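The values are calculated or read from the model by the stated rules, or taken from the named source; none is laboratory data. Values in this document were obtained by computation on a predicted structure and should not be read as measured data. Don't worry about glycine lacking a Cβ; one is built from the backbone with ideal geometry, like all the others, and counts go over all protein chains shown. Note: areas computed on protein heavy atoms with side chains; ligands, DNA, RNA excluded. Shrake-Rupley method; radii C 1.70, N 1.55, O 1.52, S 1.80 Å.
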Amino acid sequence: MAALPLDARGHFPARRGTRIALPVALAVLALPLITAAHHSRPAPYGDRLTVHARVDDARPGREPALRATDRAVQAYDKESGAPRWTYTRTGRRPVTLLPAPGHAFTLWSDGLVTDTARADGGSVRWHRAVPASADWLHTPDARAGAGVLQPLTPDAGMLAVVTPHRIAAYRTADGDLRWVLPAKTGCAFEPARSVRRGGALLVAQPCTGPAAAWTAQVVAVDDYGRIVPGRTPLGNGDLRRSHGGAGSPEN
């Protein structure tokens, strides 16, 4: 066997194949580590969404029933009771759940509101934090979140989130905040004391201090905001509310 020639420094030269193979081998070894790191990243907001059964029929009548347990929101088939999907958030619990056509709105113990695709559980469409609500939700005054989530339209195209300090309305298609109504100074909204009359949501707003007229302690809202005489509300991008369907409401 012929001896390999030495280079100018008296070293044996590296084989060309070795120089190419080493980086390739290192890249192959690193690939599983990169993949594992990708899959181990924490989900945003601690979301854990598990789909148990895929259903192609997404008609409203075929949407699953919903229930909230101590730790999860669960969807299940109305006829067989078979689970369809489960949604949990690490370290959080669902306080109250509002089923709606196409939507599963959930208020969580940290004051976060989420919207999950009801039919197939394929995604959590949006998350919205409700300011100054987490501590209040852990008090008896919260009444386990009763009345906090309120649909403002029959198709749940707008969702009101009612807390003592404010009423906030979100467009459910994308979670866009459309309007906010703060409580009057010295007053606070009581979500559990609310009632629907026609297209209006009436919410109690009791006040402290000198006796106030009862009309000041109840507010009426709809998808455009507070209902008061002579108002000219901003639109919510709903062409059905414009005259004859022509034109676009102001946003």
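Please specify each residue of segment 214-251 satisfying the condition of being small (Gly, Ala, Ser), modelled with pLDDT under 50 and not in a loop (DSSP other than H, G, I, E, B). Of everything in segment 214-251, those that are small (Gly, Ala, Ser), modelled with pLDDT under 50 and not in a loop (DSSP other than H, G, I, E, B) turn out to be GLY244, GLY245. Sort out for me the strands (runs of 3 or more DSSP E) sitting completely within segment 63-109 that have 3 or more residues that are under 14 Å from the mean Cα position of the chain (by Cα). Counting at least 3 such residues, we get 83-89, 94-100, 103-108. Taken over segment 176-198, the criterion of being open to solvent by 70 Å² or more (accessible area, probe 1.4 Å) and farther than 18 Å from TYR224 by Cβ is satisfied by LYS184, THR185, ARG193. GLU63 passes every criterion in (1) over 19 Å from HIS138 (Cα atoms); (2) open to solvent by 40 Å² or more (accessible area, probe 1.4 Å) apart from (2).
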